[in-house]
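The values are calculated or read from the model by the stated rules, or taken from the named source; none is laboratory data. This one's a predicted model, so the numbers in the text were calculated from it and none came from an experiment. Here Cβ is always computed from backbone atoms with ideal geometry, including for glycine, and neighbour counts include all displayed protein chains.
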Amino acid sequence: MSSLREVHRASLEDPETFWAEAARELDWVRPWDGVLDERRAPFYRWFQGGLINTCHNALDRHVASGHGDQPALIYDSPITGTKQTFTYAALTDRVSRFAGALAKRGVGKGDRVIIYMPMVPEAVVGMLACARLGAIHSVVFGGFAAAELAKRIDDARPKLILSASCGIEPSRVIPYAPLLREALALAQHEVERCVILQRQQAPAELAAGEESWAEVEAGGEPVPCTPVDATDPLYILYTSGTTGEPKGIVRDNGGHAVALNWTMKNVYGVEPGDTYWAASDVGWVVGHSYIVYGPLLNRCTTILYEGKPVGTPDAGAFWRVVEELNVRVLFTAPTAIRAIKQQDPEGEHARKHDTRGLRALFLAGERCDPATLEWAQGVLKVPVIDHWWQTETGWAVASNCLGIERLPVKPGSPTRPVPGWDVRVLDDEGQPASPGTIGNIVARLPLPPGALPTLWSAENRYREAYLDEFPGYYKTADAGMIDEDGYVFVMSRTDDVINVAGHRLSTGAMEEVLAGHSAVAECAVVGVSDELKGQRPMAFVVLKSGAPESAVADETKTMVRDKIGPIASLKSVHVVERLPKTRSGKILRKTLRSIMDGQEWKTPPTIEDATVLDDFVKLTKT
Ligand code: COA
Ligand code: AMP
């Protein structure tokens, strides 16, 4: 077996040979003319000239090779008390009929379809049906409010929206129809129709332009896969940036399928036939890559879990699934493990379940604190692998690659760069930082297949956000270092993005909402450390002169939940007299964050009190 160093070197020295070999594992309608197209650098394209269909490679290919009876997708929903298994043959049949139904409604290659759905199998059917037709799906996380959905409708300009009558949270059933209709009313773009999955917990009264999913699917005739260019988009996934306008990350068909298929064996160490579980949500990149595409491309059995890690029914919820479904690899966010640990510090629930089938737990989505990693390792007695990536990259940039060579774990580090990724640390002037010195983490261009080729209808924004600051490199906007052994350490973001319970959010977007309150003159939102959720947003507001203070905190908290979604709940809102600024008037957010980090304010401070006083005064004097 080659060492990670050798494989990594090979991937960078001759990326075309490396990725062409990986690409041969898939079915191509027509092979590529060139592996890497550099003609429009820094806009690179992979497998140009190749024709492929991602749905074919994820489903039909496995049925054709005699694996139609293998479970492809297991829906496990403790929150509704439902379990359902779909074999590869059954899932292919459903997807192809639903694709036929969409085609009847005019959806074809290049059309966009927004999917605003909870964690139900139909969400996956919808994604794969789009892929089958060459249509471009854009899944919007169910925890986003109407205004966020409207922004995505206006940017993606979908022909059709797939949704459900409700989502289910432990404390409440959330009717989606009012959110969807509000979003459609807010958006400028006119959507031709919506297909609504009726759920018994809260069926919706269908309005004009809305059709029932069951009826739509029942009328669908199976359709074959539409070949698309390898470089054609498979999906757009919106993610938070510095401003309130989300970035539409584009994923192509060819490079994405090649890279994800490769990661299943090489990063996660799973084989076709294994059960792989990403306990995330299809609304996030982890859900796209590792609930849907990666496991299915590699003919694994994937699990769609609707519920929380704790409370459904208890802190053993995950371990019950691991035991019952014989999960080989589990992937989740550190927050989920912290939530379990908080309720079951001694790991008693884990001991009640036979988790011996598990070979590894992978964590990503936010920084993993060593205590959480070590706790999970002690309880599960398997390697716990922290790995680092982003919506933009689509798959791991740094990880312990279990299918290549298992390296010793250094808690706090997602180990070494994965083959395909040439990771460097640069100082603010763009000069290489010495080992162990913190700087900007970047990846040398071209990025490997599967990473974003551009932003949806925003090529300039792509260039400005990722490529301009360090020419020749992709800026991750993460700060960190690489140590003497080549281990990467990711410390924090360099922009206004925060990670709350593994959900990526923009403090800029929250500030835009706060600024809309009639009493607010100025505001700043920063992410502060939180024991359970990793980070939580904290707001500082300066009121307009004479404005009453009393209700501002409650009102602004509600506004942020209503406009962005409940996942963006402000931890606290503090009315202050001034915000710390530079001479040129820029708010010192980093300073605010470091002053606040770890502090719990019992009473809202003004500039005259709290331990922060000295710092505030010092800062405002400079
Ligand atoms: N639809 C509607 N509302 C949602 C939602 C969804 N899909 N997801 C979350 N919410 C709501 C929650 O009900 C909660 O509402 P509340 O404030 O009224 O109680 C709010 O948004 C905050 O949610 P969250 O931050 O997720 O907290 P939680 O208490 O519901 O759950 C965890 C905490 C740790 C159990 C949960 O965040 C978790 O499992 N995290 C793992 C994250 C993950 O999968 N990340 C993806 C990358 S791997
Ligand atoms: P997302 O695009 O939602 O996947 O969020 C990506 C961001 O989450 C990264 O830029 C990091 O800031 C953070 N992140 C993800 N995984 C890790 C990790 N393993 N360690 C530290 N930070 C991480």
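General observations
- Residues in the range 304-327 that are within 13 Å of ligand 1 (Cβ to nearest atom) and closer than 20 Å to residue 360 by Cβ: 305, 309, 317, 318.
- For the range 328-358, a tally of residues being within 13 Å of ligand 1 (Cβ to nearest atom), touching a strand residue (DSSP E or B) at 6+ places or on another chain (Cβ under 8 Å) and more than 30 Å from residue 478 (Cα to Cα) returns 0.
- Unique residue being surrounded by fewer than 19 Cβ atoms within 10 Å (Cβ to Cβ) and either closer than 22 Å to residue 264 by Cβ or in contact (Cβ under 8 Å) with a residue 24 or more places away in the chain (or both) when the list is 365, 316, 357: 357
- Residue within the range 42-58 that is out of contact with any helix residue (DSSP H, G or I) (no Cβ under 9 Å at 6 or more places or on another chain) and among the charged types (D, E, K, R) present: no
- Verdict on residue 92 being of a type outside the set (Lys, Arg), under 27 Å from the mean Cα position of the chain (by Cα) and part of a helix (DSSP H, G or I): yes
- Checked against the criterion of being within 30 Å of the chain's Cα centre (by Cα), more than 26 Å from residue 335 (Cα to Cα) and either within 16 Å of ligand 2 (Cβ to nearest atom) or not acidic (Asp, Glu) (or both), the candidates 514, 543 yield just one match: 514.
- Only one of 27, 14 that is touching a strand residue (DSSP E or B) at 6+ places or on another chain (Cβ under 9 Å) and either closer than 20 Å to residue 454 by Cα or surrounded by fewer than 19 Cβ atoms within 10 Å (Cβ to Cβ) (or both): 27
- Residues (more than 24 Å from the chain's Cα centre (by Cα) and of a type outside the set (Phe, Trp, Tyr)) located in the range 517-540: 517, 518, 519, 520, 521, 522, 523, 524, 539
- Within the range 531-556, the set of residues being surrounded by fewer than 18 Cβ atoms within 10 Å (Cβ to Cβ) and of a type in the set (D, E, K, R) comprises 531, 544, 549, 554, 555.
- Of 361, 380, all but one fail to be among the aliphatic types (A, V, I, L, M) and within 16 Å of ligand 1 (Cβ to nearest atom); the exception is 361.
- Qualifying residue in the range 125-139 (condition: surrounded by fewer than 21 Cβ atoms within 10 Å (Cβ to Cβ) and either in contact with a Pro (Cβ under 8 Å, 6 or more places away or on another chain) or without any contact (Cβ under 8 Å) to a residue 24 or more places away in the chain (or both)): no
- Top-ranked residue of the range 468-477 - restricted to ones that are within 14 Å of ligand 2 (Cβ to nearest atom) and crowded, with 22+ Cβ neighbours inside 10 Å, ranked as nearest to residue 146 (Cα to Cα): 476
- Failed condition for residue 457, given (1) within 16 Å of ligand 2 (Cβ to nearest atom); (2) surrounded by fewer than 19 Cβ atoms within 10 Å (Cβ to Cβ): (1)
- The range 544-578, residues that are of a type in the set (D, E, K, R), away from ligand 1 (no atom under 15 Å from the Cβ) and modelled with pLDDT of 90 or more: 544, 555
- Helices (runs of 4 or more DSSP H) wholly inside the range 267-379 that include at least 3 residues being among the aliphatic types (A, V, I, L, M) and either on the phi < 0 side of the Ramachandran plot or under 18 Å from the mean Cα position of the chain (by Cα) (or both): 317-324, 334-343
The rows are residues; the columns are (1) surrounded by 16 or more Cβ atoms within 10 Å (Cβ to Cβ); (2) within 16 Å of ligand 2 (Cβ to nearest atom); (3) charged (D, E, K, R).
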position: 379; (1), (2), (3): yes, no, no
position: 385; (1), (2), (3): yes, yes, no
position: 390; (1), (2), (3): yes, yes, no
position: 394; (1), (2), (3): yes, yes, no
position: 401; (1), (2), (3): yes, yes, no
position: 409; (1), (2), (3): yes, yes, no
position: 425; (1), (2), (3): yes, yes, no
position: 431; (1), (2), (3): no, no, no
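- If you go through the range 35-51 and keep only what is loosely packed, with under 15 Cβ neighbours inside 10 Å and not charged (D, E, K, R), you end up with just 41.
- Contact annotation: residue pairs with Cβ atoms under 7 Å, 6 or more positions apart or on different chains, pairing a residue in the range 63-74 that is over 13 Å from residue 296 (Cβ atoms) with a partner that is surrounded by 18 or more Cβ atoms within 10 Å (Cβ to Cβ), are 68/87; 68/88; 69/87.
- When the range 95-122 is filtered for residues that are within 24 Å of the chain's Cα centre (by Cα) and closer than 17 Å to residue 159 by Cα, the ones remaining, listed by number, are 110, 111, 112, 113, 114, 115, 116, 117.
- Screening residue 337 against (1) within 16 Å of ligand 2 (Cβ to nearest atom); (2) closer than 26 Å to residue 456 by Cβ leaves a single unmet condition, (2).
- Yes/no for residue 238 being of a type outside the set (A, V, I, L, M) and part of a strand (DSSP E or B): yes
- Of all residues in the range 383-403, those satisfying the criterion of being more than 20 Å from residue 498 (Cβ to Cβ), among the hydrophobic types (A, V, I, L, M, F, W, C) and either within 14 Å of ligand 1 (Cβ to nearest atom) or not in a loop (DSSP other than H, G, I, E, B) (or both) are 384, 385, 395, 396, 398.
- Count - residues of the range 334-364 that are in contact with a Ser or Thr (Cβ under 7 Å, 6 or more places away or on another chain) and within 21 Å of residue 389 (Cα to Cα): 4
- Restricting attention to the range 197-246, the residues that are away from ligand 1 (no atom under 16 Å from the Cβ), within 18 Å of residue 159 (Cα to Cα), within 25 Å of the chain's Cα centre (by Cα) and not charged (D, E, K, R) total 4.
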